[in-house]
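A short write-up of the structure that comes next.
The values are calculated or read from the model by the stated rules, or taken from the named source; none is laboratory data. No experiment lies behind these values; they were computed from the predicted model shown. Positions of Cβ are generated from backbone atoms using ideal geometry, with glycine treated the same way; all protein chains shown enter the neighbour counts. Just so you know, the surface numbers come from the protein's heavy atoms only, side chains and all, with ligands and any DNA or RNA stripped out. Shrake-Rupley method; radii C 1.70, N 1.55, O 1.52, S 1.80 Å.
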Amino acid sequence: MNNHIVKTYGDELDQLSAEVVLMGGLAEAQVADAVDAVARRDVALAQSVVARDHKLDELEKDIERKCIRLIALRQPMAEDLRKTVAAMKLATALERTGDLAKNIAKRAIVISEAEPMTPLTRSIERMGKLVSSRLRDVLDAYKGGKVELAQSVWASDTEVDEHYNALFRELLTYMMGDPRTISACTHLLFMAKNLERIGDYATNMAEHIHFELTGEDYVESRPKANTLSNLE
Amino acid sequence: MDNRRSVWHIIPAGSVIGVGVLIAMSFYAPLHPFLIFVALLIVAYTMFKYLVLLGDAEEKIRALKAPEKQVKVQPEGPSFQEVLRAVPDPVMIVSGHEPDDIAARRVIFANAAAQRIFHIADRGGPLVSAIRVPEVLECVDEALFGGISGSVDFEMSGGARDQFWRAFSAPLPMENKHDMAQRLALLVLRDETDSRRMERMRADFLANASHELRTPLASITGFIETLRGPARDDEKARDKFLSIMGAQADRMGRLIADLLSLSRIEMSEHVPPSGETDLPLAVRDVVDSLTVIAQQKNVKLRIEGPKPGLYPIIGDRDQILQVVQNLVDNALKYAPQNSEVSIEICLDVTLPQAVALSDGKAAKLVLLRPDRNVHDYYARITVRDNGPGIKREFLPRLAERFYRVEGQKSGDRLGTGLGLAIVKHIINRHRGGLVVESQGPVSASDDDILERDGKVTALPQIAPQTFTAFSAYFPQSRAFGTAETPRLVVDAAASLKDAG
Ligand SMILES: Nc1ncnc2c1ncn2[C@@H]1O[C@H](COP(=O)(O)OP(=O)(O)O)[C@@H](O)[C@H]1O
Ligand SMILES: [Mg+2]
């Protein structure tokens, strides 16, 4: 790094949030591309998703290092401290999101060899669109400091679960109908599970953003539908 | 060091002469050489200070002038900035310092279109706040640090409507020569949604039409062959076959009509409607046109909502009519004999209210959600029938084109499977939303054990009333204040009696 420009405290905070937004853009693209790769059976795209994942890891480490340095050297208070902590938490969530996207891409490569299962991959695509829109909203809320937007993402948490449950049943029916599809369907099931997790990360990020902006935690517990995942 | 040299021109002649005199004196007067040396030192020091001050001031002035200077080319006529501002495509000038400092990539100029579309403030801001699409950022970096111009296509999902953009970036000549780290690039974006949409739609239409028309066409050809051959003289068979062929031809006609209207709606989907429509009035019109069918099945159509004519919403009348028509059509199709289909209209509904569940046990799914934080109030219409309901797992695919729930007895197979797809696209164009809620049949399968939150509960003794309810909501331009909304409950059957 250059040392001749002495950054002010405010600059450092701005840089942190800019990096988080950049990371968010990358994570968004990873999720969208992974889902696209599934829908279009595009192995090359899936491979490039896998290859790009390390960028998110590096960015997360970088953000974490900067946050720790900032906390140590500047000892931020109140709002600034919340900002710093939120940046760190968001970076972690986005890195995980990237891991899940990578996993989807890997599975996309495997199932591209099986027979196409258009109705099922279309359902994955639909779920992917929904999850992507949650990610987008959450990042828009972060970048614009919009509490209500974060709140509305947080409140619509159960939608992804509904899609997941429906897809789960669809997959079961499919597998029972034709046992040869079991292994491919299992991959699709895990893809759906990954998408659901990404949705959960979006919810978590919405919580962190809410805390960053208001300094308050959510008191009410998150609305949860009757999900199959609760059984685990 | 070019910029420093100019300072020499404005050094006051007085100080130069003073120094000259001082030096001359050291030759002629018997002054102490040390004294002269000290005097010289002082003069040199003050001059040095003076020069530094001047240099700083000049730099500051330069920095202040910088943004204007870079676009001002001729003293007369509009400045480049003004010209760029008027360009309809988003144009930005991005500055950067070094490759690994992302926050320093700033938009230092954004024209009106860029400010509007990418939410950039007047004084600019970080580039990532405007666009965070990785490909675009890479493209800008290449222009900034590699000096390469390039272009990249990217998709930006602006809510429920995908947008296709192309970004062009090019390096700009450096403005501040003394600040070698500062680099500039031009970023121009072009909305290619229209052309891409057109392409995609043409492809979709052809694929759908050829695929869906194949079956009825094959059946018609088959019957023609039979009529030409074995059934040539069989009068009874001929009548039967002809009526089947007629039905198939009708089906083809309906398919083409539906596909065409779907294409037309898709074409204008990203252009929001501009007119105003009265939702209660539209409902009345649709119900009036469907009473005959309803009476045949002895189904009562009940409207509950505000008086028509008072509360216009943003919308295209024909399209809103089609939404209501398709939803009520479906409800009538699945409603059992002697039952009731209710159509409820609510105004001033907020987004959370619009998607709220009315029946705790039923399955609910948002099929389409408007962009958050755009409109505050919505007008909602809910069409509810007491038909067999739709199982939870079938809900997500409902608005897919050609999708029909399997194993469902819909009586007549008159549908094309496009009704709800059309509804969804129309509502999307109106920036509204669509929610389905349904209680399907409860059977004693292991499915239901999975459903109840991990607790293996006994099945209820009495099966719950099955139903299906579709809610469509459209944005209102303002709140109407429903506190004093006159409500009206209309029985379609009764109103028909009134009419005679
Ligand atoms: N009110 C309803 N009750 C039960 N099922 C419905 C209802 N509305 C729609 N469906 C299901 O959704 C499918 C798609 O509906 P739609 O797009 O209108 O196509 P179509 O009516 O032409 O079959 C229908 O085939 C039916 O299976
Ligand atoms: Mg229909």
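A few points about this structure:
- Condition broken by B:Leu281, with the remaining ones in (1) in the same structural domain as B:Gln476 (by TED's automatic domain parsing); (2) in a helix (DSSP H, G or I); (3) in contact (Cβ under 8 Å) with a residue 40 or more places away in the chain satisfied: (3)
- Annotation note: of A:Arg52, A:Arg40, the sole residue that is basic (Lys, Arg), without any contact (Cβ under 8 Å) to a residue 40 or more places away in the chain, within 11 Å of chain B (Cβ to nearest Cβ) and open to solvent by 10 Å² or more (accessible area, probe 1.4 Å) is A:Arg52.
- Selection from region A:37-68 of residues that are farther than 19 Å from A:Ala87 by Cα and in contact with a Leu (Cβ under 7 Å, 6 or more places away or on another chain): A:Ala37
- A search for C-beta distances below 9 Å between a residue of region B:343-356 that is within 12 Å of chain A (Cβ to nearest Cβ) and any residue that is in a helix (DSSP H, G or I), counting only pairs 6+ apart in sequence or on different chains, returns B:Leu351/A:Ser152; B:Pro352/A:Ser152; B:Pro352/A:Ala155; B:Val355/A:Glu159.
- Some residue of region B:178-199 being assigned to a helix (DSSP H, G or I) and either open to solvent by 100 Å² or more (accessible area, probe 1.4 Å) or over 30 Å from B:Asn111 (Cβ atoms) (or both): yes
- Residues that are under 30 Å from B:Ala209 (Cβ atoms), crowded, with 17+ Cβ neighbours inside 10 Å, within 15 Å of ligand 2 (Cβ to nearest atom) and touching a residue at least 24 places away in the same chain (Cβ under 8 Å) do occur in region B:289-301.
- Any hit, region B:259-271, residues being within 16 Å of ligand 2 (Cβ to nearest atom), open to solvent by 60 Å² or more (accessible area, probe 1.4 Å) and part of a helix (DSSP H, G or I): no
- Restricting the first member to region B:313-336 and to residues that are away from chain A (no Cβ under 14 Å), and the second to residues that are within 10 Å of ligand 2 (Cβ to nearest atom), the beta-carbon pairs closer than 6 Å and six or more apart or on different chains are B:Val323/B:Val423; B:Asn326/B:Gly419; B:Asn326/B:Val423; B:Lys333/B:Ser410.
- Boolean, B:Ala354 is under 30 Å from A:Asp140 (Cα atoms), surrounded by 21 or more Cβ atoms within 10 Å (Cβ to Cβ) and among the small types (Gly, Ala, Ser): yes
- Only one entry of B:Arg232, B:Arg197, B:Arg251 meets the criterion of being under 31 Å from the mean Cα position of the chain (by Cα) and more than 30 Å from B:Asp56 (Cβ to Cβ), and that entry is B:Arg197.
- Single unsatisfied condition, B:Gln325 versus (1) under 19 Å from B:Ile426 (Cβ atoms); (2) at pLDDT below 90; (3) within 16 Å of ligand 2 (Cβ to nearest atom): (2)
- Selected residue (only one of B:Val38, B:Val52, B:Val83 is open to solvent by 50 Å² or more (accessible area, probe 1.4 Å), at pLDDT 80 or above and not in a loop (DSSP other than H, G, I, E, B)): B:Val83
- In region B:423-443, the qualifying residues are those that are within 12 Å of B:Ala472 (Cβ to Cβ) and within 11 Å of ligand 1 (Cβ to nearest atom), and the one that is most open to solvent (accessible area, probe 1.4 Å) is B:Lys424.
- When restricted to residues that are among the hydroxyl-bearing types (Ser, Thr, Tyr) and at the interface with another protein chain (Cβ under 7 Å from one of its Cβ atoms), region A:134-172 contains 1.
- Any hit, region A:65-76, residues being touching a Lys or Arg at 6+ places or on another chain (Cβ under 6 Å), surrounded by 21 or more Cβ atoms within 10 Å (Cβ to Cβ) and in a helix (DSSP H, G or I): no
Condition check ((1) open to solvent by less than 20 Å² (accessible area, probe 1.4 Å); (2) in contact with a Cys (Cβ under 8 Å, 6 or more places away or on another chain); (3) at positive phi) across all residues:
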{"site": "A:Ile109", "(1), (2), (3)": "no, no, no"}
{"site": "A:Ala114", "(1), (2), (3)": "no, no, no"}
{"site": "A:Met117", "(1), (2), (3)": "yes, yes, no"}
{"site": "A:Val138", "(1), (2), (3)": "yes, no, no"}
{"site": "A:Ala150", "(1), (2), (3)": "yes, no, no"}
{"site": "A:Ala155", "(1), (2), (3)": "no, no, no"}
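- Listing of helices (runs of 4 or more DSSP H) fully contained in region A:99-211 that carry 1 or more residues being under 17 Å from B:Arg369 (Cβ atoms) and free of Cβ contacts under 8 Å to residues at least 24 places away in the same chain: A:118-144, A:147-155
- B:Asp250 vs. criteria assigned by TED's automatic domain parsing to the domain that holds B:Glu199 and in a helix (DSSP H, G or I): yes
- Only residues that are facing chain A (nearest Cβ under 10 Å) and small (Gly, Ala, Ser) were counted in region B:109-153, giving 3.
- Residue selected from region B:328-347 under the condition open to solvent by less than 20 Å² (accessible area, probe 1.4 Å) and within 16 Å of B:Ala379 (Cα to Cα), by the criterion farthest from ligand 1 (Cβ to nearest atom): B:Leu347
- Residues of region B:369-405 that are open to solvent by 50 Å² or more (accessible area, probe 1.4 Å), near ligand 1 (Cβ under 7 Å from one of its atoms) and in contact with a Pro (Cβ under 8 Å, 6 or more places away or on another chain): B:Pro388 alone.
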